[in-house]
């Protein structure tokens, strides 16, 4: 049986919004695809991250202050991370964690932190919070994605690197910008919580396909259409609710 | 001149309160809002305010109950207390309480000022009423649409704590205890391991980041979710071995515990109440009221912020457990409560969309912070998940936790007709209902027509 190696970074620290659900979803979908999923936890910021044995690197959202810690942790293995990304390794960075992969993180106290620089974007800490639903169409795949977002930072993209186009919601930095998240290679940043992979199992499936194809494993089983019926019905409910909620 | 203006505003506010009473309204914040609009520093002009005898109770969970307990115990021992028992915990609520309980010249009647204060508005209140004493019950995930992340609230509280302040903090809650770095005096309160304490060793169990070094906090055990004896796996920050006040020898069967050398009867026996009792005893001790006297007062204590209602419906009994939306602790407590009943039961759950303020939205991710495994072994015959927008997501959380999909009915609706029609299909009379207060009230309003 083919194996999918998932590295779950700092599960206790990057743990804001029930995000362990993302790991559960990856394991569940991987098994439906006939894979053996193995999850490796990285506990503390000083601990080793074994990228040689990683197919998907998962970073859930943490408190905004954690961005700096993430940058420092990966800076120590920057060359390995470069190799990982350019050989097609998958990274999912959810919420504030995504800022670490951008160019600059600006904090409310006026200071700035230089990010890892893979995503050409700048993130700025907000002094108030935006909480709302978010529905978008993922570029390239055409998938509908949905979730909620709790925005404690705004993200400004410098290039055409958005992950998706917003159908409803705030997205990266305003209700007008209409762009959500960012992507380069197989590194994805999304503002969507939910947990995002539970609510969008088709995204989990896509990430697994990317991860496995980057190590030469093709022709994987795809779960039946009916497998995700509950999630599709949920998406329709959420979409309908957001279309009509102004009347409440 | 300011003093004269204060007196005029006070009289106007008192008259407003009088009108509220005439109209049968509670008016827990209107008078204060009116006064603060006319005089921004209104609260600072009250007299007979002793910071040493002024106490704020803040934190995510347990504020109201602890406030009620402390006030009840102090009053039972003959102290005069000015307070905001109605849960109006913003600055307007505090001002209203002082307007209500003061003379026509603004002399506060209470010798002790005990106020529940909203975490986000603590600094604003402290600016006008510099209390010497601050209780922090816990700082946890809650109302993320307003609060974002716990660190957002932590920073707001930490900004107020200073070296001139005495803080009372939960010894087993890492964020609250870490405020010790900012305070002049720290009094810790604690609950010893008891028969309902538990450990978590599952693969998907997660804890939290250390508030001091942001590495992993490990809990030796939990007394309630996210609260228990802990140690940081990196910097060594840990719960104190000798807390100032500790609840020990907890006997749930006989509803007693020991604290400060006294055997205490507990009016409510859910584990999270133990921390409220410990804090009340710690505060009262500081105000010169001993544990024996506090214990006696508990015998007549009734919690006005109760979260359990029993409703007869046809041949059934519906046990309603109130939750706070976006608050994993109250949802976990509700799950635990249900799982203690091993009788056959129907479980109605409506986590509901969030409609407190705009924009309304459909967050259910806090359910993934809760463990649902206890429900699997609690003889739930069938689960009915309802709500216009989040019924499927709620059901999915249960399925991810191992609950059999074929024993869940999803009703993507908030129509009571649909919910009660589904409930009527089951002959089981033992029914548990979890939803937020507003939906519960709607259901109860309609209930007679289904009888």
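The values are calculated or read from the model by the stated rules, or taken from the named source; none is laboratory data. The structure presented is a predicted model; accordingly, all values stated were derived computationally and were not measured. Reconstructed Cβ throughout: ideal geometry from the backbone, glycine too, with neighbour counts over all protein chains shown.
Considering only segment B:339-356, state which residues are buried (at least 22 other Cβ atoms within 10 Å of the Cβ) and part of a loop (DSSP other than H, G, I, E, B).
B:351, B:352, B:353
Condition first: crowded, with 23+ Cβ neighbours inside 10 Å, touching a helix residue (DSSP H, G or I) at 6+ places or on another chain (Cβ under 8 Å) and closer than 12 Å to residue B:432 by Cα. Can you find one or more residues in segment B:328-338 that meet it?
Scanning segment B:328-338, I find at least one residue that is crowded, with 23+ Cβ neighbours inside 10 Å, touching a helix residue (DSSP H, G or I) at 6+ places or on another chain (Cβ under 8 Å) and closer than 12 Å to residue B:432 by Cα, so the answer is yes.
What do you reckon, is residue B:388 part of a loop (DSSP other than H, G, I, E, B), in contact with a helix residue (DSSP H, G or I) (Cβ under 9 Å, 6 or more places away or on another chain), within 14 Å of chain A (Cβ to nearest Cβ) and at pLDDT 95 or above? Give the steps one after another, and end with the answer.
Numbers: part of a loop (DSSP other than H, G, I, E, B): yes; in contact with a helix residue (DSSP H, G or I) (Cβ under 9 Å, 6 or more places away or on another chain): yes; within 14 Å of chain A (Cβ to nearest Cβ): yes; at pLDDT 95 or above: yes.
When the stated conditions are applied, residue B:388 passes them.
Mind checking whether some residue in segment A:189-200 is more than 14 Å from chain B (Cβ to nearest Cβ) and either closer than 22 Å to residue A:101 by Cα or in a loop (DSSP other than H, G, I, E, B) (or both)? First the steps, then the outcome.
Step one: filter segment A:189-200 for residues more than 14 Å from chain B (Cβ to nearest Cβ), giving A:189.
Cutting the leftovers down to either closer than 22 Å to residue A:101 by Cα or in a loop (DSSP other than H, G, I, E, B) (or both) gives us A:189.
Checking segment A:189-200: at least one residue is more than 14 Å from chain B (Cβ to nearest Cβ) and either closer than 22 Å to residue A:101 by Cα or in a loop (DSSP other than H, G, I, E, B) (or both).
Restricting to segment B:406-419, give me the number of residues that are more than 15 Å from residue A:234 (Cβ to Cβ) and within 30 Å of the chain's Cα centre (by Cα).
4
Give me a count of the residues in segment B:394-419 that are outside any loop (DSSP other than H, G, I, E, B), in contact with a strand residue (DSSP E or B) (Cβ under 8 Å, 6 or more places away or on another chain) and more than 10 Å from every other protein chain (Cβ to nearest Cβ). Break it down stepwise before answering.
Start the filter on segment B:394-419 by keeping residues that are outside any loop (DSSP other than H, G, I, E, B), which leaves B:394-400, B:405-411, B:416-419.
Subset that is in contact with a strand residue (DSSP E or B) (Cβ under 8 Å, 6 or more places away or on another chain): B:394-395, B:398-399, B:407-411, B:418-419.
From what is left, the residues that are more than 10 Å from every other protein chain (Cβ to nearest Cβ) are B:398, B:407, B:409, B:411, B:418-419.
The qualifying residues number 6.
I'd like to know if segment B:117-133 contains one or more residues that are part of a helix (DSSP H, G or I), within 13 Å of another protein chain (Cβ to nearest Cβ) and either within 18 Å of the chain's Cα centre (by Cα) or more than 18 Å from residue B:190 (Cβ to Cβ) (or both).
Within segment B:117-133 (the criterion being part of a helix (DSSP H, G or I), within 13 Å of another protein chain (Cβ to nearest Cβ) and either within 18 Å of the chain's Cα centre (by Cα) or more than 18 Å from residue B:190 (Cβ to Cβ) (or both)), the answer is yes, since at least one residue qualifies.
Being surrounded by fewer than 16 Cβ atoms within 10 Å (Cβ to Cβ) and either farther than 12 Å from residue A:115 by Cβ or in contact with a strand residue (DSSP E or B) (Cβ under 7 Å, 6 or more places away or on another chain) (or both) is the filter here, so list the residues in segment A:66-77 that pass it. Quick ask: steps written out before the conclusion?
Restricting attention to segment A:66-77, the residues satisfying the condition of being surrounded by fewer than 16 Cβ atoms within 10 Å (Cβ to Cβ) are A:72, A:75-77.
Selection gives A:76, A:77.
Among the residues of segment A:209-238, write down those that are more than 15 Å from residue A:29 (Cβ to Cβ) and under 21 Å from the mean Cα position of the chain (by Cα).
A:213, A:214, A:215, A:234, A:235, A:238
Going by the structure shown, is residue B:211 within 14 Å of another protein chain (Cβ to nearest Cβ), part of a loop (DSSP other than H, G, I, E, B) and under 23 Å from the mean Cα position of the chain (by Cα)?
Numbers: within 14 Å of another protein chain (Cβ to nearest Cβ): yes; part of a loop (DSSP other than H, G, I, E, B): yes; under 23 Å from the mean Cα position of the chain (by Cα): yes.
Criteria met by residue B:211.
What are the pairs with Cβ atoms under 9 angstrom where one residue, in segment B:171-193, is at negative phi and not assigned by TED's automatic domain parsing to the domain that holds residue B:244 and the other, located anywhere, is surrounded by fewer than 18 Cβ atoms within 10 Å (Cβ to Cβ) and assigned to a loop (DSSP other than H, G, I, E, B)? Sequence gap at least six, or different chains.
none
Among all residue pairs at least 6 apart or on different chains, which show Cβ distances below 7 Å where the first residue, located in segment B:134-146, is closer than 14 Å to residue B:367 by Cα and within 14 Å of another protein chain (Cβ to nearest Cβ) and the second is at pLDDT below 90 and surrounded by 24 or more Cβ atoms within 10 Å (Cβ to Cβ)?
As it stands, the answer is B:142/B:326; B:143/B:326; B:144/B:326, since those pairs meet every condition given.
If we scan segment B:143-156, do we find a residue that is out of contact with any strand residue (DSSP E or B) (no Cβ under 6 Å at 6 or more places or on another chain) and under 20 Å from residue B:283 (Cβ atoms)?
no
So, in segment A:109-164, exactly how many residues are in contact (Cβ under 8 Å) with a residue 12 or more places away in the chain, touching a strand residue (DSSP E or B) at 6+ places or on another chain (Cβ under 7 Å) and assigned to a strand (DSSP E or B)?
So the count comes out to 33.
Residue B:85: assigned by TED's automatic domain parsing to the domain that holds residue B:158, crowded, with 24+ Cβ neighbours inside 10 Å and in contact (Cβ under 8 Å) with a residue 12 or more places away in the chain, yes or no? Walk me through how you get there before you give the answer.
Numbers: assigned by TED's automatic domain parsing to the domain that holds residue B:158: yes; crowded, with 24+ Cβ neighbours inside 10 Å: no; in contact (Cβ under 8 Å) with a residue 12 or more places away in the chain: yes.
No: the conditions fail for residue B:85.
Identify, please: which residue in segment B:367-385 is within 11 Å of chain A (Cβ to nearest Cβ) and in a loop (DSSP other than H, G, I, E, B) and is, among those, surrounded by the fewest Cβ atoms within 10 Å (Cβ to Cβ)?
Initial filter on segment B:367-385 (within 11 Å of chain A (Cβ to nearest Cβ)): B:367-371, B:385.
From the residues that got through so far, the ones that are in a loop (DSSP other than H, G, I, E, B) too are B:370-371.
Values: B:370: 22, B:371: 18.
Only one residue tops the list, namely B:371.
Taking residue B:153, is it surrounded by 20 or more Cβ atoms within 10 Å (Cβ to Cβ), on the phi < 0 side of the Ramachandran plot and within 16 Å of the chain's Cα centre (by Cα)? Even if it seems obvious, please write down each step before you answer.
Values: surrounded by 20 or more Cβ atoms within 10 Å (Cβ to Cβ): yes; on the phi < 0 side of the Ramachandran plot: yes; within 16 Å of the chain's Cα centre (by Cα): yes.
Spelling it out, residue B:153 is indeed surrounded by 20 or more Cβ atoms within 10 Å (Cβ to Cβ), on the phi < 0 side of the Ramachandran plot and within 16 Å of the chain's Cα centre (by Cα).
Looking only at segment A:169-186, count how many residues are part of a strand (DSSP E or B) and surrounded by fewer than 24 Cβ atoms within 10 Å (Cβ to Cβ). Step through it out loud before you land on a result.
Here is the first cut: in segment A:169-186, the residues part of a strand (DSSP E or B) are A:179-180, A:182-184.
Now drop any that are not surrounded by fewer than 24 Cβ atoms within 10 Å (Cβ to Cβ), which leaves A:179, A:183-184.
Summing the residues that are part of a strand (DSSP E or B) and surrounded by fewer than 24 Cβ atoms within 10 Å (Cβ to Cβ) in segment A:169-186 gives 3.
Which of the numbered conditions does residue B:288 fail, given that it passes all the others? Conditions: (1) out of contact with any strand residue (DSSP E or B) (no Cβ under 9 Å at 6 or more places or on another chain); (2) under 30 Å from residue B:69 (Cα atoms); (3) in the same structural domain as residue B:394 (by TED's automatic domain parsing); (4) surrounded by fewer than 16 Cβ atoms within 10 Å (Cβ to Cβ).
(3)
Sort out which residues of segment A:207-227 are at pLDDT 95 or above and either surrounded by 19 or more Cβ atoms within 10 Å (Cβ to Cβ) or assigned to a loop (DSSP other than H, G, I, E, B) (or both), and write them in order of number.
The answer is A:207, A:208, A:211, A:212.
Given the options B:295, B:300, B:263, name the one that is touching a helix residue (DSSP H, G or I) at 6+ places or on another chain (Cβ under 9 Å) and in a loop (DSSP other than H, G, I, E, B).
Being touching a helix residue (DSSP H, G or I) at 6+ places or on another chain (Cβ under 9 Å) and in a loop (DSSP other than H, G, I, E, B) holds for just one of B:295, B:300, B:263, which is B:300.
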